[in-house]
1. Once R0 is set to 60 Å, what does the formula 1/(1 + (r/R0)^6) return for the Cβ-Cβ distance between residue B:71 and residue A:258, expressed as a FRET efficiency to the nearest 0.05?
2. So how much slack lies between residue B:307 and residue B:129, counting 0.36 nm per residue of separation and subtracting their Cα-Cα distance, in nm?
3. For chain A, with the dipole built from +1 on Lys and Arg beta-carbon atoms and -1 on Asp and Glu ones, taken about the Cα centre, which of A:124, A:48, A:181 lies farthest toward the positive end?
4. Figure the gain on full extension for residue B:193 and residue B:266 (residue separation times 0.36 nm, minus the Cα-Cα span) and round it to one decimal in nm.
5. Going 7 Å from the Cα of residue A:138 in the Cα-to-Cβ direction, what parts of the stretch A:165-191 have a backbone nitrogen less than 15 Å from that spot?
6. In Å, what Rg and Dmax follow from the Cα atoms of chain A?
7. Any chance you could run the full-extension gain for residue B:94 through residue B:112? It's 0.36 nm times the residue separation minus the Cα-Cα distance, nm to one decimal.
8. Can you give the accessible area per residue of the protein assembly as shown, in Å², using a 1.4 Å probe?
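The values are calculated or read from the model by the stated rules, or taken from the named source; none is laboratory data. No experiment lies behind these values; they were computed from the predicted model shown. Don't worry about glycine lacking a Cβ; one is built from the backbone with ideal geometry, like all the others, and counts go over all protein chains shown. Please note that ligands, DNA and RNA were not included when accessible areas were found on the heavy atoms of the full protein model with its side chains. Shrake-Rupley method; radii C 1.70, N 1.55, O 1.52, S 1.80 Å.
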Amino acid sequence: MTTRQGHALPPLQTTGLSRSFSGFKAVDGMSLSLHKSELLGLIGPNGAGKTTMFNMLAGSLPSSSGSICIHGRDVTGQDARTRIGHGMGRSFQIPKPFPHMTVLENVLTGAQNQTGERLFGACFQPGRVRRDEHAAVEKARGLLDFLLLSHLEGQMAAVLSGGQRKLLELARLLMADPDILLLDEPAAGVNPSLLEQIMDRIVTLNTQHGKSILLIEHNMQMVGRLCSRVVVMAQGRELAQGRPDDVTRDPDVIRAYLGDAA
Amino acid sequence: MIDLLSYGAFFLTMALSYSVICLGLNVQWGQTGLFNVGVAGFVAVGAYISAVLTTPETAERLGGFHMPIALGWLGGGLGAAFLSALVGAVTLRLRADYLAIATFGAAVVIQLVLLNLETITGGPFGIGFIPRPFGDLATNANAFGLANLVLMAVLVLVTYLVLEHLVRSPWGRVLRAIREDEDAARALGKSPERFRLQAFALGGFVMGLGGAAQAHFIGFIAPDNYLPTLTFQVWTMLIIGGAGNMRGAILGGVLVWGIWAMSGNLVSQLFPAEHQARASSLQIVMIGVALCAVLLMRPRGILGEVKTLSRHLGPRKPEDTVREG
Ligand SMILES: Nc1ncnc2c1ncn2[C@@H]1O[C@H](COP(=O)(O)OP(=O)(O)O)[C@@H](O)[C@H]1O
Ligand SMILES: [Mg+2]
């Protein structure tokens, strides 16, 4: 888990990012920047536009307007593949494991620039394929240890529990060595014992490995424990931002959340 | 007895040439889920290119380049791969059904071109005198038959081993990942379009190779050999043998060709000559019945899809177990 060094510019910055679905503005002019090695929370009631925001950041959904820069480079029109290349990776709100592949194979699929993944390499460069694959397996096993999944490495991903799927997705993502992580509700639907461990791993990734993390979370308590700064979204816009304590006392924020509960 | 031997060798050699073609379809459909309904066209391209490259010069048409047979086969495979890449590049980005329409269209167009481009393809009469492997053994029917059988079996074996190697390689793993969850694969930086195109072209290569090998074994080809019936046969072979299973594809080729050849014999014995042309559609019925029977009893084909695991995944070594993330 190496970290790209020496970027003075914010790892991730958006300006006026918007997306409409047939006239309905799901995200409406979001400007946000994620600082180096920051763990930034993106919170807001259901339907606020957080996931839509992530889809645009990760390149799986084109934006209607606005721009996205990774380490100062404009990537607005580029696809998911280029963004991974620039060091940004995402997890999904509902995990997407490859169900009929083993846990280890799932993680290996996250590796980048593998000789064996090129048809030419797979045919004609057996030595390099073996070396790459060997290194990838070592690294994948390290990540499985880190994310408490080692004992399951030979199991099909289909048998994993919801929480284990979240962990697997994180392992698969880390395999690509991103320095910016977009995590969509990593704790949703996870049982309490695993929840502590997932939170602990996220903190480790942030503090010890220097990853810049943008974390979507519905649960304010959890965000309060993890993040030093949060951005609150409601109805596609930024409602407030600041320290979690301050934000949770903001009357607008309380109203947005109560409105959601009502 | 001797007749039986050489007939057996002839039958098996033909059957195995279908197995090669069926392996190509398995790469496209079984491994990648690409619906090619123009198999006959890609097989024809392989056969014709190889025939043109290897036949001796002739006055009736352009070409006849008199190259070695091996070069012809390679050329046939590459030509079919190129055509597949072309069709794939245009349609694979669109919805799945466009590929079906495009491949069907391509096969029809290819058939028409073969029929009408007389200066190269010989038109309706096709190309004859395609050099046969081990041609100098032809006076000894048994030796000739056996040598060809061995050659075709080696071709099947090599194709099988190479394709198995590829589906178990990291390349094959990405292909499976894309089939399981395209969005997740894309988010990990894999390009589904690129991998599908490669698999489609690779499958096309194998079909072209099979077509070429078959053409050299028969010795002459004509546009009528490459009608949609051929596509239907190859699909039946794959479904009966077990889509997604390389051995199933080989087995399906042999079994369905067996049914086809036997029902052909039956038709020629049971019906008077003037009705035979029409009665031969009974052959298609026979394959259809076999298909239904297999689908009812073994919906995934006789061998069914196998779980593929990547190579290089040895058990973890003891010193690997203690490490920090
Ligand atoms: N593909 C889509 N088509 C139409 N509407 C969508 C689509 N994706 C999201 N939306 C709408 O956009 C709004 C924001 O959704 P989402 O980003 O998932 O919210 P959050 O993640 O904050 O709960 C919701 O009202 C949702 O219905
Ligand atoms: Mg969401």
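1. 0.20
2. Gain in length upon complete extension: 59.7 nm.
3. So the residue furthest toward the plus end is A:124.
4. 21.6 nm
5. none
6. 18.8, 64
7. 3.9 nm
8. Value for the protein assembly as shown: 44 Å² per residue.
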